[in-house]
Amino acid sequence: MRFVRFVVAAIFAAASLVVMTAPAQAASVTATFTKPSDWGSGFEGRYTIKNGTAAAITSWKVEFDLPAGHSVTSHWDATVTRTGQHVTFTNLGWNGNIPAGGTLTFGFLGTPGGAGAVPQNCKINGADCGGVNEQVPGKPGTPTFQPAGTTPVDFILNWTASSGTVTGYKVYEGTGTTPIATVNGTATTARISLQACGTYEIRVKGFNSAGESVASDPVTIQTIGCLGPPKMPTDLTSTSTSNSITLNWKHANSNGPLTGYKVYEGNVVKATVGRTATTATISGLGTCESHDYVLKAYNEVGESGPVTITAKTAGCPDNPLPRNFITGYWQNFTNPTTPLKLSQVPDDYDLIAIAFADATPTPGRVEFKLDPALSTALGGYTDAQFRADVKAQQAKGNKVIISVGGELGRVRVASAGEATAFTDSVWAIMQDYGFDGIDIDLENGLNATYMGQALKALRTKAGPSLIITMAPQTIDMQSTGMEYFKLALDIKDILTVVHMQFYNSGGMLGCDQAQAYSQGTLNFLTALACIQLENGLRPDQVALGVPAGPGAAGGGVINPSMVNNALDCLAKRTNCGTFVPPRAYPGIRGAMTWSINWDAQHNWQFSRTVKPHLATLP
């Protein structure tokens, strides 16, 4: 995190050259178009070139026409030229050669999307591409239906398959344009849910990459249950143990017969109880876990409206920090930003990370001392003054922790002995200076097994009030198989927060795995935070780490107001960009910035913008 860093992360659908043994084919080179993603305002297109000849080709050129109003906005693994709506892709210096029987893929992003976003008149090396001009499927047969189980508003549809190539089918009600069911593949059956006491016209359309077929002739379905479902239960509350949550409520006044109550988490039923019950217990949960539950009354007609509650199991570690807080790094070194005494850090910063403790010649052992160049820059700032400032910040209710590593740090913990050396040296620093915890900012790799061992041992020494934070780079949290992510999950029961560095990374995939989001955007913050939130970390263990302003990082600098929008999007699903998370995460912890010094350089714009907004979060 020290100075400016660049992480090269090509986490997009990159092209790869694949050589394979295939059955004998016609002697031709083909280029086949596919559209893996289409989000309405844009789409991803890919061409796969297959060399079906008996000899290698040394170069290739794919050209086509885009429909009027469509354009290519970016591309990869090819060069591109455009003349009006005519687009030509040619090979790069390294991927022109395709062996006999081999394939190669390149791709692009285009706008807008939709059924009409399909290239036309494709040619490969001057010849017809072959396999590109896929036609929409034929009209499916009129659907038939039958009840699905005992619920009177659920039905199973069946229909005769469309002719031609079919990717799947979509089921529509009336003149609606949003499908009520989608079937991927060639199956010709679907389950649909309607409302009670209604008449519905149902149609089916086949689809493939070329678009949707003509709609089938309609089938009319009439549902029963005009008395209606029951009304919502009221006064939903919760109690908990370390491994269970019990919900309590008051009876609903039913419009019709009341069969019972169902408790959902997401779309999964976690408990079902009878009509006289006013309590349900969900067991087998983890310690200090937050769960969002939905309670509904139901009868043979359907379910009531939802009553929601967020509940947490007991056994959470002591939490010395506010529910939502800001973390800032205090630079124990000089660079082009503003040098600060620790006493100059404003109260907006709830958690101050001292950057950094450094490696020693003994593997695993770290040390900390006030930087002489910083002391000089501050007119003779002494170690004694620094120690007094630590106590003064703590007296105001702020916490001060020691950060280990940084961009230039070379701390290694790769064995049981090194883990012990790390634990003992960090504990000695904490006792010496009175620090409240530790921040792990190892940007040159870590071993999850032995770092986890070291941090657990440190927790044993320091007790439940120990603060443990982590500042991984974006690449380190792309999947649970990464060492940083494994460490976070391994110490989840004692981990305070992960404030990933949402900068200096380039484009990265989000939790939807749909596209690479560009750093410095609202979508980048929310889509990448979603990876952590959907893969094991609690909302109170996730915060957004961003640069404090221009100069603080080489890329990913954003306006602090965008951090507020990102927190709203994650906590409430409001103020989002084009990416909207699959659920809200109330309790999202807050934000971190590199650094407090850079915030001072920019007249405290970050902390003065973000800190007041934290009070508005649920």
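The values are calculated or read from the model by the stated rules, or taken from the named source; none is laboratory data. Predicted, not measured: the structure shown is a model, and the values here were computed from it. So basically every Cβ, Gly included, is an ideal-geometry build from the backbone, and we count neighbours across all protein chains shown. With ligands, DNA and RNA removed, areas are computed over all heavy atoms of the protein, side chains included. Shrake-Rupley method; radii C 1.70, N 1.55, O 1.52, S 1.80 Å.
Among the residues of segment 349-364, those identified as over 28 Å from the mean Cα position of the chain (by Cα), open to solvent by 10 Å² or more (accessible area, probe 1.4 Å) and under 26 Å from MET592 (Cβ atoms) are ASP358, ALA359.
If you go through segment 103-120 and keep only what is more than 26 Å from the chain's Cα centre (by Cα), within 25 Å of TRP60 (Cβ to Cβ) and not hydrophobic (A, V, I, L, M, F, W, C), you end up with THR103, THR105, PRO119, GLN120. Restricting attention to segment 484-528, the residues being hydroxyl-bearing (Ser, Thr, Tyr) and either open to solvent by 10 Å² or more (accessible area, probe 1.4 Å) or under 29 Å from ASN243 (Cβ atoms) (or both) number 5.
In segment 49-61, the qualifying residues are those that are touching a strand residue (DSSP E or B) at 6+ places or on another chain (Cβ under 8 Å) and open to solvent by 50 Å² or more (accessible area, probe 1.4 Å), and the one that is farthest from ALA516 (Cα to Cα) is ALA56.
What residue, among those in segment 106-126 that are buried (at least 21 other Cβ atoms within 10 Å of the Cβ) and small (Gly, Ala, Ser), is farthest from SER213 (Cα to Cα)? Filtering segment 106-126 for residues that are buried (at least 21 other Cβ atoms within 10 Å of the Cβ) and small (Gly, Ala, Ser), the one farthest from SER213 (Cα to Cα) comes out as GLY107. May I ask you to list the residues in segment 419-451 that are among the polar types (S, T, N, Q), in a helix (DSSP H, G or I) and in contact with a strand residue (DSSP E or B) (Cβ under 9 Å, 6 or more places away or on another chain)? Result: SER425, single match. Going residue by residue through segment 529-549, is there one that turns out to be out of contact with any Lys or Arg (no Cβ under 7 Å at 6 or more places or on another chain), surrounded by fewer than 23 Cβ atoms within 10 Å (Cβ to Cβ), in contact (Cβ under 8 Å) with a residue 60 or more places away in the chain and of a type in the set (Gly, Ala, Ser)? Scanning segment 529-549, I find no residue that is out of contact with any Lys or Arg (no Cβ under 7 Å at 6 or more places or on another chain), surrounded by fewer than 23 Cβ atoms within 10 Å (Cβ to Cβ), in contact (Cβ under 8 Å) with a residue 60 or more places away in the chain and of a type in the set (Gly, Ala, Ser), so the answer is no. The listed residues are MET562, MET592, and the only one of them that is touching a residue at least 40 places away in the same chain (Cβ under 8 Å), open to solvent by 10 Å² or more (accessible area, probe 1.4 Å) and hydrophobic (A, V, I, L, M, F, W, C) turns out to be MET562. Taking segment 236-347 and the strands (runs of 3 or more DSSP E) fully enclosed by it, the elements with 2 or more residues that are over 30 Å from ALA148 (Cβ atoms) and of a type outside the set (Lys, Arg) are at 245-250, 307-312, 325-331.
Tallying residues that are in contact with a helix residue (DSSP H, G or I) (Cβ under 9 Å, 6 or more places away or on another chain), outside any loop (DSSP other than H, G, I, E, B) and over 14 Å from ALA355 (Cα atoms) within segment 375-398 yields 8.
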